[in-house]
1. Taking the highest mean first, how do the peptides 95-108, 61-74 order by number of other beta carbon atoms within 10 angstrom per residue?
2. Apply 1/(1 + (r/R0)^6) to the Cβ-Cβ distance of residue 22 and residue 169, taking R0 = 22 Å, and write down the FRET efficiency to the nearest 0.05.
3. Trypsin sites (Lys or Arg not before Pro) within the stretch 1-66: which are DSSP loop residues with at most 11 other Cβ atoms inside 10 Å?
4. Please give the length that would be gained between residue 60 and residue 94 if that part of the chain were fully extended, namely 0.36 nm times their separation in residues minus their C-alpha to C-alpha distance (nm, one decimal).
5. Quick one: accessible area per residue over the stretch 5-109, 1.4 Å probe, rounded to a whole number of Å²?
6. When the accessible area of the stretch 25-100 is computed with all protein chains present and a 1.4 Å probe, what percentage of it is carbon and sulfur?
Amino acid sequence: MRLPVFVPEWQIGSRDIAEPSVGAPFRQVLIFYTDDSNPAAHYGCFGQEITFAALAIPLTEHPGGVMGAFPTELRCADFSLYWDAPHPVNGEDTFTGIVTTNGDGAAPAGFPKAHGSVYSLAMASLLYASAYAGSRAWAPAPGRQQRFRSVDSYPPWRPSADSLASPQWKVTGVVVTLDTAVLPDVNKSAASNSRVVEVAEPAIPTASTAEPGVGWFAYAPLARAIFRPNPPEGQTDG
């Protein structure tokens with residue numbers, strides 16, 4: 001499975017996560033969120049949406065969870081995602097949302113990490129606007145899509161230029177396409193009774209939306225990956 005995972009720029013800048021590169025191993029707790037999870041998350045501004053089927057398993061509350069949410073593990077073929085679901089979820093279902101790395105203890109301690117290799121990288125950029133003239137409070141500019149630029153490795157991190165110009169494009173992080181099939185045995189304990197039945201490749205950058213010479217790209221249609229748990233022993237799909 002090739003899974004698009006958004007790694008925020010601040011997690012790399014603070015050295016919480018090493019600068020990724022194509023072909024390097026990648027091992028992180030992954031968080032799933034949806035457009036109805038948290039309005040403050042600016043859904044669609046960070047990362048790439050994906051649709052998949054998984055087994056939802058309710059978890060107990062933990063200190064880092066979102067107040068009023070329902071902690072849930074989404075168990076897929078060879079990895080698990082943590083989700084602060086906005087409503088109770090239990091059993092097999094289809095889910096649409098965005099996957100990102102764990103930050104500020106969003107997932108409970110001991111939650112299984114996803115393992116694999118970095119298949120590709122795309123630097124992400126977004127147009128920001130200040131709250132008012134001269135303000136240092138920034139928010140995504142309404143109606144603007146992300147830009148992506150394919151790279152082989154994340155460039156050495158450096159602080160963003162301190163400019164009050166508004167609006168302005170800012171690097172928000174990188175989309176890591178994680179190939180979880182590279183280490184097929186690592187996640188057996190987390191998802192031993194699941195299998196992949198259909199996988200669609202994540203979209204890749206196809207069309208420039210930037211000013212001449214900038215080299216930023218827009219993503220093609222969203223990635224789609226479909227999973228289904230293994231049937232009980234002695235039964236078949238059919």
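1. Working: 95-108: 18.9, 61-74: 15.5.
Highest to lowest by the protection proxy: 95-108, 61-74.
2. Working: r = 24 Å, r/R0 = 1.08.
Result of the calculation: an efficiency of 0.40.
3. Details: sites: 2, 15, 27; in loops: 15.
Taking the stretch 1-66 and a limit of 11 other Cβ atoms within 10 Å, the loop trypsin sites (Lys or Arg not before Pro) found are 15.
4. Working: separation 34, 0.36 × 34 = 12.24 nm, distance 2.19 nm.
Roughly 10.0 nm would be gained on extension.
5. On the way: 4740 Å² over 105 residues.
Normalised by residue count, the accessible surface of the stretch 5-109 is 45 Å².
6. Working: 1860 of 3370 Å².
Result for the stretch 25-100: 55 percent of the exposed heavy-atom area is carbon or sulfur.
The values are calculated or read from the model by the stated rules, or taken from the named source; none is laboratory data. Please read these numbers as outputs of a predicted model, since none were measured by experiment. Here the Cβ is made from the backbone with ideal geometry for all residues, glycine too, and neighbour counts use every protein chain on show. When the accessible area is computed, the model is the full protein with side chains, heavy atoms only, and any ligands, DNA or RNA have been set aside. Shrake-Rupley method; radii C 1.70, N 1.55, O 1.52, S 1.80 Å.
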